[in-house]
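**Student:** I am attaching a structure below and will ask some questions about it afterwards.
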Amino acid sequence: MIPLIVIRPQPGCDATVAEANTLGLEAYGVPLFAVVPVAWHAPAADSFDALLLGSANALRHGGSQLSAYIGKPSYVVGAATAKAADAAGLVVVAIGHGGLQPVLDTIGPEHRRLLRLAGQERISLVPPGNVSMIERIVYTSTALPIPHALVARLREPAVVMLHSAEAARHFTAECDRHAIDRARLALAAIGPRVAAAAGEGWRALCTAPKADGASVLALARQMCQDRHR
């Protein structure tokens, strides 16, 4: 079986590795990003109707200002973000499957003013015509160099999971910097935008059918088991 490399930031990295291990994969976690908070100005709670959240990191790193939003309705991108929102005292009214843009289609008529809490690297969203959206950047990801142990491991065949376009670009640049042969590595991307950011020349570059953690892990499992892909 081909080993799996997980490079996403903590705590998601350890969580994904643990899930992969339960599936019988030989998984290694090497975070290539550190997520850190960014100073931000919190709008008054009565200036918007609901929160829009594309990552649990917004809640992990939003700081004490989030306490002013306890009880606020929240639209979230997936199950992990929903769990973090619930723990923060927010009221989850919709959970998306396959990206944040489709979540905007579920906005109720009573929630026409949104506050989006996001990271520095984020996708552009187009809210419906009758919905307004305030954005606040509350965290950013700092890229880390590939450690020597991972460089050595990447000299042999492996499957690497990519959870963001930022991760795809950074991983590709690091492989080139260390003269790692792309043709030895297979990439499992969480979505088409992420796959496109990785460039060409890989042994395989596959995209999960849905933009969520479970789908990309299922794809990675299949790729780890298929030496001829």
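**Student:** Take the residues in the stretch 160-185 that are buried (at least 22 other Cβ atoms within 10 Å of the Cβ) and touching a residue at least 40 places away in the same chain (Cβ under 8 Å); name whichever of them is farthest from TYR28 (Cα to Cα).
**Tutor:** By that ranking, first place goes to SER164.
**Student:** Which condition number in (1) open to solvent by less than 10 Å² (accessible area, probe 1.4 Å); (2) under 13 Å from LEU162 (Cα atoms) is the one that PRO192 fails?
**Tutor:** Condition not satisfied by PRO192: (1).
**Student:** If I ask for residues that are outside any strand (DSSP E or B), open to solvent by 30 Å² or more (accessible area, probe 1.4 Å) and over 12 Å from VAL159 (Cα atoms), which ones from the stretch 200-217 would you list?
**Tutor:** The answer is GLU200, GLY201, PRO209, LYS210, ALA211, ASP212, GLY213, ALA214.
**Student:** ALA68 versus (1) over 20 Å from PRO11 (Cβ atoms); (2) out of contact with any helix residue (DSSP H, G or I) (no Cβ under 7 Å at 6 or more places or on another chain): which is the lone unmet condition?
**Tutor:** All conditions pass for ALA68, except number (2).
**Student:** To continue, here is another question. Within the stretch 1-29, count every residue that is among the hydrophobic types (A, V, I, L, M, F, W, C) and open to solvent by 30 Å² or more (accessible area, probe 1.4 Å).
**Tutor:** 4
**Student:** Residues of the stretch 112-136 being open to solvent by 40 Å² or more (accessible area, probe 1.4 Å), within 27 Å of ALA168 (Cα to Cα) and in contact (Cβ under 8 Å) with a residue 24 or more places away in the chain, which ones?
**Tutor:** Across the stretch 112-136, the qualifying residues are GLN120, GLU121, ARG122, ILE123, VAL126, ARG136.
**Student:** Inspect the stretch 78-100 for any residue being surrounded by 13 or more Cβ atoms within 10 Å (Cβ to Cβ), in contact (Cβ under 8 Å) with a residue 40 or more places away in the chain and in contact with a Lys or Arg (Cβ under 8 Å, 6 or more places away or on another chain) and give the result as yes or no.
**Tutor:** Looking for residues that are surrounded by 13 or more Cβ atoms within 10 Å (Cβ to Cβ), in contact (Cβ under 8 Å) with a residue 40 or more places away in the chain and in contact with a Lys or Arg (Cβ under 8 Å, 6 or more places away or on another chain), one finds at least one in the stretch 78-100, hence yes.
**Student:** Right, something else. How many residues are out of contact with any Ser or Thr (no Cβ under 7 Å at 6 or more places or on another chain) and either open to solvent by less than 10 Å² (accessible area, probe 1.4 Å) or of a type in the set (A, V, I, L, M, F, W, C) (or both) if we restrict to the stretch 45-76?
**Tutor:** Adding up the residues that qualify gives 12.
**Student:** Check every one of the strands (runs of 3 or more DSSP E) wholly within the stretch 109-176 and list those with 1 or more residues that are charged (D, E, K, R) and more than 14 Å from the chain's Cα centre (by Cα). Don't jump to the end; show me each part of the working.
**Tutor:** On the way: elements: 113-119, 132-143, 158-162.
The qualifying strands (runs of 3 or more DSSP E) are 113-119, 132-143.
The values are calculated or read from the model by the stated rules, or taken from the named source; none is laboratory data. This is a predicted model, so every value here is computed, not measured. Please note: Cβ atoms are built from the backbone with ideal geometry, for glycine as well, and neighbour counts cover all protein chains shown. What goes into the accessible areas is simple: the full protein's heavy atoms, side chains included, and nothing from ligands, DNA or RNA. Shrake-Rupley method; radii C 1.70, N 1.55, O 1.52, S 1.80 Å.
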